[in-house]
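Everything below concerns the one structure shown next.
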Amino acid sequence: IDIGLGRALCVRITYVGELGYELFVPSDQATLVYDQIVEAGKEFGLVHAGLKALGSLRLEKGYRDYGHDIDNTDTIFEAGLSFTVDWDKDGGFIGME
């Protein structure tokens, strides 16, 4: 996409359960694109939020981050994800024990 005179690859992604986007911008255009976004966002009340804010919002939604919140040593119960399993599935599933 074009943002001012800059170009960005725009990917729709969410880590917090809300609509979100990641922009991949060439480093020589990053300042230009940043300035354009900040200026355009003023009328919408755009505020800066860092990575820690994303982590907090993710936790509020109950999203797990593999390697941070859970790993391969956690059971489905310890991870709080037992609601995602069909316990009555014919033939069971890998890891059911």
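The values are calculated or read from the model by the stated rules, or taken from the named source; none is laboratory data. Predicted, not measured: the structure shown is a model, and the values here were computed from it. Ideal geometry is used to build each Cβ from the backbone, glycine not excepted, and the neighbour counts take in all protein chains shown. Keep in mind that these areas ignore ligands, DNA and RNA; they rest on the heavy atoms of the full protein, side chains included. Shrake-Rupley method; radii C 1.70, N 1.55, O 1.52, S 1.80 Å.
Among residues of the stretch 28-46 that are surrounded by 11 or more Cβ atoms within 10 Å (Cβ to Cβ) and basic (Lys, Arg), none has a beta-carbon under 7 Å from a residue that is at pLDDT 95 or above and not in a helix (DSSP H, G or I) at least six positions away or on a different chain. Residue under question is VAL85, and the condition is that it be touching a helix residue (DSSP H, G or I) at 6+ places or on another chain (Cβ under 6 Å) and open to solvent by less than 50 Å² (accessible area, probe 1.4 Å); does it hold? In short, no.
When we screen ASP88, ASP71 for residues that are free of Cβ contacts under 8 Å to residues at least 12 places away in the same chain and closer than 27 Å to ARG12 by Cα, the only hit is ASP71. Quick one: would you say ARG58 is of a type outside the set (Ser, Thr, Tyr), in contact (Cβ under 8 Å) with a residue 40 or more places away in the chain and surrounded by 11 or more Cβ atoms within 10 Å (Cβ to Cβ)? So ARG58 fits the description; yes.
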